[in-house]
Amino acid sequence: MEKEWKIDSNESDVLLKTKRSLIDYMSGTKNNFKGHVAIQNNEVKDASIEFSLKANDKSKTSDLKLIDFFDYDETPVIQFKSTSFQKINKNINFLKGLLTIKNITKVVELDTEFIGYNNYNGVEKATFEITGNINRKDFGLNYNPYFAHGGYAVGSDIKLIANLEFVHQ
């Protein structure tokens, strides 16, 4: 039997990092996540995911923040909208979509892993982890500070890790 699941924005988040540093953590409580998945016999059959993230939290104490990569007159928003879902096996899938950063849109392919089910206070949830590497320079994110704690330059690749929870509709 096929079940439709809707994303739970409050329990979803995105982490952006480089090899040497956490860049930004964006929780669902402050950002907009939309999407659904179709699960049949404990296997993902289809998925559609969309999110819009505000990267303007200047209150962080880390050495590097995503807001540092944007010019002051820009609205620092990251948007992703899936265009296709490809099932490889029970847990590994690919989600292709349009990623927009700094008004530059590129097609990206993200690995999508079905982590499993859990039940919290009688609410059945399905959890996914979506990961992928993006070249920050493809999106005009050219800021390249040297850290005070070691003098490392920021690498070209940024790893995107999205932890998404879906609830049964």
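We did not get these values from a lab; they are worked out from the coordinates using the rules stated. Since we're looking at a predicted model, the values are computed, not measured. Quick reminder, even Gly has a Cβ in these numbers, built from the backbone with ideal geometry, and neighbours come from all protein chains shown.
Averaging over every viewing direction, what projected area does the convex hull of the Cα atoms of region 80-126 cover, in nm²? Don't skip to the end; give the middle numbers.
Working: hull surface 17.9 nm².
For region 80-126, averaging the hull's shadow over all directions gives 4.5 nm².
Could you tally the net charge around Gln86, taking each other residue with its Cβ under 9 Å from the Cβ of Gln86, Lys/Arg +1 and Asp/Glu -1? Taking every Cβ under 9 Å from that of Gln86, the sum is +1.
The residues packed around Gly97, meaning those with a beta-carbon under 13 Å from its beta-carbon, carry a net charge of +1 if Lys and Arg are +1 and Asp and Glu are -1. Extension gain for Lys87-Asn142 works out to 16.4 nm (0.36 nm per residue, less the C-alpha to C-alpha distance).
Seen from Ala162, the other residues with C-beta closer than 10 Å to its C-beta sum to a net charge of -2, counting Lys and Arg as +1 and Asp and Glu as -1. Highest mean packing first, where packing is the average number of other Cβ atoms within 10 Å per residue, the peptides 158-166, 36-44, 113-121, 81-89 line up as 158-166, 36-44, 81-89, 113-121.
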